[in-house]
Each structure stands twice: as structure tokens, then as C-alpha cells.
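Taking it in order: structure first as C-alpha cells, then the write-up.
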Amino acid sequence: MSLNDEREKVLLEARTYYKNIKNKIKPFIPGETYIAPSGKVLDEDDLVNLIDASLDMWLTSGRYANEFEKEFARFLGIRYCSLVNSGSSANLIALSSLTSYKLGDRRLKPGDEVITVAVSFPTTIAPIIQNNLVPVFIDVELGTYNCDINQLENAVSDKTRAIFIAHTLGNPFNLDKVMELANKYNLWVIEDNCDALGARYHGKYTGTYGHIATFSFYPAHHITMGEGGAVITNDPELHKIILSFRDWGRDCWCSPGKDNTCGKRFSQQHGGLPFGYDHKYVYSHLGYNLKLTDMQAAVGLSQLKKLPEFIKKRQENFRILYNELKNLEEYFILPKATENSEPSWFGFPITIREKAPFNRNQLINYLEDNKIGTRLLFAGNIIKQPVFTNNDINYKVVGPLTNTNIIMERTFWIGVWPGMTEEMIKYITTKIKDISSL
Ligand SMILES: Cc1ncc(COP(=O)(O)O)c(C=O)c1O
């Protein structure tokens with residue numbers, strides 16, 4: 001038997017194995033089966049790809065990573081995609097890249113200000129502070145949970161150099177206004193698109209408007225690699241800088257196992273090094289190593305094929321939830337898509353109105369007791385988190401964070417992920433209706 005045939009045999013067995021274990025999954029029993037707020041949907045193709053990549057024994061980023069980067073860029077209609085090992089790493093690289101000396105006067109320098117929101121995931125904010133920049137927090141809207149665009153211009157000072165905001169729970173922020181302001185004041189825009197893969201604004205994918213965008217492929221996200229993330233850009237110079245920060249800070253951009261991609265490996269002058277110093281060992285940034293393995297990329301590639309159907313299912317689940325709950329607006333602020341957008345929902349956020357006969361703790365405990373998973377809107381107001389209250393962090397706040405504080409106190413979300421069925425959703429909404437009519 002040839003090696004290829006041996007491989008095919010292993011893969012065929014893996015496929016059969018997966019089909020068998022899938023048949024053994026217990027059916028949903030309301031009140032007994034836990035309904036997770038997020039999760040991964042895998043199939044035999046994912047297992048086959050994972051094993052195929054492991055049989056290569058290449059282990060680091062390789063053929064699957066290259067193919068994923070190409071296919072992902074093609075899906076989004078963007079020029080460059082760089083895979084990394086998480087959405088947090090993607091955010092770290094995206095922001096760090098803007099500090100590169102290669103950007104000349106446009107580089108971010110310590111003390112420069114970055115406009116963002118306090119209702120955020122911590123690793124959207126952390127890279128700002130880790131790069132000695134100053135986050136400037138503005139408020140968000142209830143319903144869309146995105147930045148309050150009326151506050152945006154008030155946050156601009158002579159030190160403002162960038163805007164770094166997430167599309168909250170898959171709902172795009174107002175990209176028209178953000179890009180207009182960025183153009184007016186010559187600001188960089190990073191879209192944290194970790195929760196919004198497949199969302200559109202004026203029909204075009206979010207993540208393709210700003211200078212750089214980031215993605216997460218953690219299991220809660222639209223597609224998964226277990227751990228994984230990506231940084232995308234249309235700018236060839238930024239792309240090289242992104243690769244440098246990802247790959248140890250090196251100047252060279254050869255893929256693992258390749259040499260002399262630039263064709264000038266031994267014939268350039270770099271810094272104070274002797275002429276012709278091997279380009280592979282020239283470092284232009286204080287970088288990291290945030291690459292991922294080819295096994296992760298292989299799973300991502302088979303997941304990517306299912307992305308359009310995952311997005312549709314998330315949107316459908318959202319619609320069912322919305323229709324079932326729309327009569328309860330007396331007690332709840334229900335989610336609202338941003339104008340001109342088509343969200344790719346990550347979750348279904350609900351804010352409990354003050355007049356409701358229950359508070360958030362009572363409601364989420366009731367839901368969790370009934371096996372319905374809930375989540376808060378990440379850090380709520382990040383400046384109230386222990387990391388901020390116990391450290392001397394340099395930040396600015398523009399305007400009162402009224403809605404941010406409401407979200408911290410009264411908002412939570414439930415799932416819409418593609419593993420959820422209509423039966424599960426109807427069970428969730430029945431429970432919410434039950435407590436609302438007590
Ligand atoms: C908006 C946002 N940004 C960044 C991240 C970080 O992604 P990861 O968990 O892959 O590090 C998350 C995680 O869910 C997120 O929700």
C-alpha cells in the first residue's frame with residue numbers, strides 16, 4: 001500500500017469514527033440538557049482535516065495555514081490575511097504594528113490617544129495600555145451596544161491618533177461616521193471584528209473598512225480552530241509589519257521552511273550590522289511569536305466552508321428569539337441592528353428595564369437554574385474592573401458613561417450559535433415569558 005493509500009485509510013476510519021460518535025449524542029431534553037450560550041459546531045470534515053495536518057508532522061504553520069490565509073482573504077475580498085494563535089494576539093499585533101518606525105510620522109508614540117469604548121473585551125483595551133498609549137473611553141448606545149457616534153468627535157484631541165473598537169456581538173458600529181472622522185483627523189482605524197465575522201455594513205463585510213481588522217477563532221466564535229485568530233489589511237506595508245510583529249520582530253517575511261523570499265538575503269545594509277548580514281536574522285521590531293500550528297489552520301479551513309450556513313443559522317436563531325420576545329419590551333430593551341447593517345450575531349443581548357419585577361441576578365440565576373446559559377457583556381465598564389481600580393492606568397473618559405454603567409448593571413446575553421435548535425430557543429423564551437408574568 002502506498003503512503004497516500006495509508007493516509008486515505010486513516011482518514012476514512014476517522015470519518016467513520018466521527019459519524020458514529022455523532023449518532024450517540026443524546027437528544028435535547030428541556031430543563032435537563034444545558035443550553036450553552038456559545039459553542040462550536042464540528043463535523044467529520046473537521047476531524048479529517050485535523051488528522052490530515054497531523055499526519056504531515058509539519059506541526060508549525062504550513063500548507064493549511066497558507067491555504068486558510070488565501071481563502072479567508074478571498075472570502076472577505078481583502079488582500080492580506082495573517083493567521084495568529086488567538087483574537088487577543090491579533091489585537092496585540094494590530095495595535096503594536098501601528099507603533100512601527102517604518103510608518104514614519106504616522107507611527108503611534110507613547111502618550112498618543114486611542115478612542116475606544118469601556119464596554120469591551122479586555123484584550124481590545126490591553127494592547128493600547130501595553131503599548132504606552134492612552135485609551136479614551138466614550139459611551140455606547142443601548143440596543144445596538146455600539147459606540148455613541150455623537151460622542152466620537154468630542155473625544156478627539158491633538159493627541160488622538162487611532163480608533164480601536166469592536167463590532168459588539170456581531171452588530172456593526174456606524175462605520176460611515178467612524179471612517180468619516182478618521183479621514184477628517186487622519187486617524188488609524190482598527191476594527192475588532194472578533195465577534196462579527198460575516199457581518200455587513202452597506203453590503204460590505206465589516207473588517208474591510210478600517211486599516212486593520214482582527215478575528216478570533218476560539219470555539220465561541222463564528223468558526224473555530226480551538227485557539228486561533230487573524231489580522232487582515234489591504235496595505236502591503238502594514239502587512240509586512242504585521243508579519244514582523246507576529247514572527248519574532250524579524251525584518252524577513254519568509255514562511256516557515258523557506259529562505260530568501262526577498263531575493264536579497266545576503267546583500268543589504270541593516271542598521272549597524274555588517275553589510276550582507278543574513279536577512280533571516282535581522283530584527284526591526286520588538287516582536288513576539290504568535291503563529292499557530294497547521295492542525296489549527298486545517299480545522300479552520302474546513303470550518304470556513306461552512307461559514308455561510310453558520311452565519312445564516314445565527315441570523316435565523318436571532319430572528320426567532322426576537323419574535324418570541326418582542327411582546328416583552330415593557331421589561332426588556334431588545335437588541336437593535338445598526339442602521340445600514342446586516343449583523344452576524346454573536347449573541348442576543350438583553351437589557352432589563354428598571355421597572356421589571358426582577359433584577360439581572362434574579363433573572364440569570366433563574367435561567368441558569370433552568371439549564372439556560374447566560375453571559376454578561378464582557379467587562380461591562382472596564383474601568384470598574386479590579387485591573388483598573390488596583391493599578392495606576394493612564395486613561396481618559398469623555399462624557400458620562402451612562403449607558404456603559406447601565407450595561408454593567410442590567411445587560412446580559414443568550415446564545416444564537418448554530419448548534420441551537422428552534423426547540424431550544426422556544427424553551428428559553430418560554431422560561432423568560434414565565435418569569436415575566438409571575
Ligand atoms: C471583541 C473581542 N475581541 C477579542 C477577543 C479575544 O479573542 P480570543 O479569545 O481568541 O483571544 C474576544 C473574545 O471573545 C472578543 O469578544
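All other residues whose Cβ lies under 13 angstrom from that of GLU368 are scored, Lys and Arg at +1 and Asp and Glu at -1, for a net of +3. With 0.36 nm allotted per residue and the present C-alpha distance subtracted, the ASN394-LYS336 stretch has 17.6 nm of extension available.
Footprinting exposure proxy ranking of TRP417, TRP345, TRP58, fewest other C-beta atoms within 10 angstrom first, gives TRP58, TRP417, TRP345.
Taking each residue as 0.36 nm, the span from ASP176 to ASN66 lengthens on full extension beyond its C-alpha to C-alpha distance by 36.3 nm.
With a Förster radius of 41 Å, plug the Cβ-Cβ distance of LEU273 and LYS109 into 1/(1 + (r/R0)^6) and report the FRET value to the nearest 0.05. Let's see the in-between values first.
Numbers: r = 25 Å, r/R0 = 0.62.
That pair, LEU273 with LYS109, gives E of 0.95.
Each Cα pair under 8 Å and six or more residues apart adds its separation to the average, and for the chain the resulting relative contact order is 23 percent.
Across segment 97-110, rounded Karplus estimates of 3J(HN,Hα) from the backbone phi angles (6.51 cos²θ - 1.76 cosθ + 1.60, θ = phi - 60°) give 4, 6, 8, 5, 5, 5, 8, x, 5, 7, 5, 7, 10, x Hz, Gly and Pro being marked x. Near the amide H of ILE35, within less than 5 Å, lie the amide hydrogens of ILE372, GLY373, all on another chain or at least 5 residues away, with H placed in the peptide plane.
Any idea what diffusion coefficient segment 130-234 gets from Stokes-Einstein, in µm²/s, Kirkwood Rh on alpha carbon pairs, 25 °C, 0.890 mPa s? Each step should come with its number before you reach the end.
Working: Rh = 14.4 Å.
Calculated translational D: 171 µm²/s.
Under 5 Å between amide hydrogens, built in the peptide plane, is the criterion, and for VAL134 it picks out GLY111, ASP112, GLU113, VAL114 among residues at least 5 positions away or on other chains. Net charge near ARG63: determine it from the other residues with C-beta under 15 Å of the C-beta of ARG63, scoring Lys and Arg +1 and Asp and Glu -1. Spelling it out: positives minus negatives among the neighbours equals -2.
What full-extension length gain, to one decimal in nm, is calculated for ARG74 and ASN361 as 0.36 nm per residue of separation minus the Cα-Cα distance? Each step should come with its number before you reach the end.
Working: separation 287, 0.36 × 287 = 103.32 nm, distance 4.39 nm.
Result for the pair: 98.9 nm of gain on full extension.
For the pair TRP248 and THR16, label points projected 7 Å from Cα toward Cβ lie 4.5 nm apart. Each residue, ASP235 and PHE266, gets one label point 7 Å from its Cα in the Cβ direction; the gap between the two is 3.6 nm.
Rounded, prolate or oblate: which fits segment 88-165, taking a ≥ b ≥ c as square roots of the Cα gyration tensor eigenvalues, rounded meaning a/c under 1.5, else prolate when a/b beats b/c? It is oblate, given that a/c is not under 1.5 and a/b is not larger than b/c.
What ranking, highest mean first, results for peptides 41-53, 82-94, 104-116 when packing means the other Cβ atoms within 10 Å averaged over each residue? Don't skip to the end; give the middle numbers.
On the way: 41-53: 19.2, 82-94: 26.5, 104-116: 16.9.
For the peptides 41-53, 82-94, 104-116, the packing ranking is 82-94, 41-53, 104-116.
Just name one of TYR18, SER54, ALA73: the one whose Cα is farthest towards the positive end of the charge dipole of segment 1-88 (beta-carbon charges, Lys/Arg +1, Asp/Glu -1). Working it through, the farthest residue towards the positive pole turns out to be ALA73. Shape class of the chain from the Cα gyration tensor (axes a ≥ b ≥ c, square roots of the eigenvalues): oblate, since a/c reaches 1.5 or more and a/b does not exceed b/c.
Computed from the C-beta positions of ASN4 and GLU309, the FRET efficiency with R₀ = 30 Å rounds to 0.45. When both segment 237-257 and segment 83-127 are represented by their alpha-carbon centers, they are found 17 Å apart.
With a cut-off of 12 Å between beta carbons, the residues surrounding THR404 carry a summed charge of -2, where Lys and Arg count +1 and Asp and Glu -1. Close amide H contacts of LEU197 (hydrogens built in the peptide plane, cut-off under 5 Å, sequence separation of 5 or more or a different chain): HIS222.
Find the relative contact order for segment 88-240 and round it to a whole percent, using C-alpha pairs within less than 8 Å whose residues are 6+ positions apart. Present the calculation step by step, with values, prior to reporting the outcome.
Details: 295 pairs, mean separation 29.9, N = 153.
Worked out over segment 88-240, it gives 20 percent.
If packing is taken as the mean number of other Cβ atoms within 10 Å per residue, what is the order of 237-244, 336-343, highest first? Can you show the working numbers first?
Details: 237-244: 21.1, 336-343: 18.5.
With the highest mean Cβ count within 10 Å placed first, the list reads 237-244, 336-343.
3J(HN,Hα) couplings calculated from phi for segment 18-34 with the Karplus curve 6.51 cos²θ - 1.76 cosθ + 1.60 (θ = phi - 60°) are, in sequence order, 5, 4, 5, 6, 5, 5, 8, 5, 5, x, 5, 10, x, x, 10, 7, 6 Hz; Gly and Pro show x. Within the chain, DSSP assigns beta bridges of which about 55% are antiparallel (rounded to the nearest 5).
When ASP278, ASP192, ASP5, ASP247 are arranged by Cβ crowding within 10 Å, least crowded first, meaning fewest neighbours, the order is ASP5, ASP278, ASP247, ASP192. The residues HIS202, HIS222, when put in order of fewest to most other Cβ atoms within 10 Å, stand as HIS202, HIS222. Ellipticity at 222 nm from helices only: DSSP H runs of n ≥ 4 in the chain, each -39500 (n - 2.57), divided by the residue count, give -12000 deg cm²/dmol. Karplus-based coupling profile of segment 270-281, in residue order and whole Hz: 10, x, x, 7, x, 3, x, 4, 3, 4, 5, 10, with θ = phi - 60° in 6.51 cos²θ - 1.76 cosθ + 1.60 and x standing for Gly or Pro. What percentage of all Cα-Cα pairs in segment 178-281 are separated by more than 15 Å? Everything past 15 Å amounts to 72 percent. Across segment 234-359, the relative contact order, built from alpha-carbon pairs under 8 Å that are at least six residues apart, equals 19 percent.
Values in this text are rule-based calculations from the coordinates and carry no lab data. The structure presented is a predicted model; accordingly, all values stated were derived computationally and were not measured. Positions of Cβ are backbone-derived with ideal geometry, glycine not excepted, and every protein chain shown enters the neighbour counts.
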